[in-house]
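Read the figures in this text as sums done on the coordinates, not as results from a lab. The structure displayed is predicted, hence computed values, not measured ones. Don't worry about glycine lacking a Cβ; one is built from the backbone with ideal geometry, like all the others, and counts go over all protein chains shown.
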Amino acid sequence: MGLNRNISLSAGLGYKGGSAYLTYILHRIGGSALFIFFTVYILSLLGMESMQALMGNWIFQTVFLTFGLFHAINGLRITILDLSPKLMKHYRAAINIEWVAYILVAGFALLVVFRNAFGG
Amino acid sequence: MAARTLSLKKRGFTFEVFMWAFTRFTVIAMYGLIIAGILGALSLSQQTGMNVGDILYWAFFPNLAENPLGQVWMTILAKLMVIAFVLVACGHGVHGVLEIWDDYVTSESARRWARNIVITYAVVASIVAMYVILSA
């Protein structure tokens, strides 16, 4: 782990690495979102009413499910490829399968959230 | 993309290898606990006639919801599973947050401070969660 960065932060964020890089960045955003969710969960357990209200808020639920589910599904792909290196040559196909699974699962989850929030 | 050419045995048991294994196995444990939790909740729902959502909500927020489970052993098992999930998720999350932090922050002292703060936070949060879940 180096202590010096060879490129600027903006150049790093602007790196065009295709779908693999997109999943890498979204995985990090999802992990950070889940860490925030964990904090809200702990504060809810402690009885903070504002945090309990936040957990019931549909916008919070939407953000949590959008990024959290991506983190879980992408993590499953990473784990499978990591533990079975022979499958690594199919990583693009794995990413495509992952997107399909994510759209189905997240779509259903968000449908439930929106139906509860807006009725119908 | 080339496959891994160095076996785990040849890599040696360094800190990086340990953390790689820790992250992978905690995530596998989480998937296992999620599947076991959903199957357990479905099974309890069938036995008790309670809503699956109510069982899961009580499991994660035992201080906010009424215990829907009649038998004591079910309550203990559900609480132990939720505690295991929270601890595993916390351990996995700490490593992930520190990895992200280390990638974007190059100052050695900032890295050291972040490490101390995040690990302390994780330990305190885990203890709080265990206490609330067990005592509710």
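Model label points for A:TYR21 and A:ASN116, set 7 angstrom from Cα along the Cα-to-Cβ axis, are 3.7 nm apart. Pairs spanning more than 30 Å between alpha-carbon atoms, out of A:LYS16/A:LYS89; A:LYS89/B:LYS10; A:LYS16/B:LYS10: A:LYS16/B:LYS10.
Against chain A, whose longest principal axis is taken from its Cα atoms, helix A:91-118 shows a tilt of about 10°. Here the spin labels are modelled as points 7 Å beyond Cα on the Cα-Cβ line, and at B:ILE38 and A:ILE103 they lie 2.1 nm apart.
Under 14 Å of direct C-alpha separation, and excluding same-chain neighbours fewer than eight residues apart, B:LYS79 reaches these aspartates and glutamates: B:GLU66. Within the listed set B:PHE60, B:PHE25, B:PHE85, the Gaussian network model of chain B (springs between alpha-carbon atoms below 10 Å) gives the highest mean-square fluctuation for B:PHE25.
Considering only A:PHE38, A:ALA101, A:ALA20, and ranking their Cα positions along the charge dipole of chain A that arises from unit charges at the beta-carbon of Lys, Arg, Asp and Glu, the one farthest toward the positive end is A:ALA20. Largest GNM mean-square fluctuation across B:VAL88, B:VAL72, B:VAL118, computed for chain B with C-alpha springs under 10 Å, falls on B:VAL72.
Note on chain A: GNM, Cα springs under 10 Å; of A:LEU110, A:LEU83, A:LEU65, the largest mean-square fluctuation is that of A:LEU83. Only one residue of B:ILE55, B:VAL17, B:CYS90 has its Cα farthest out toward the positive end of the dipole of chain B, where Lys and Arg carry +1 and Asp and Glu -1 on Cβ, and that residue is B:VAL17.
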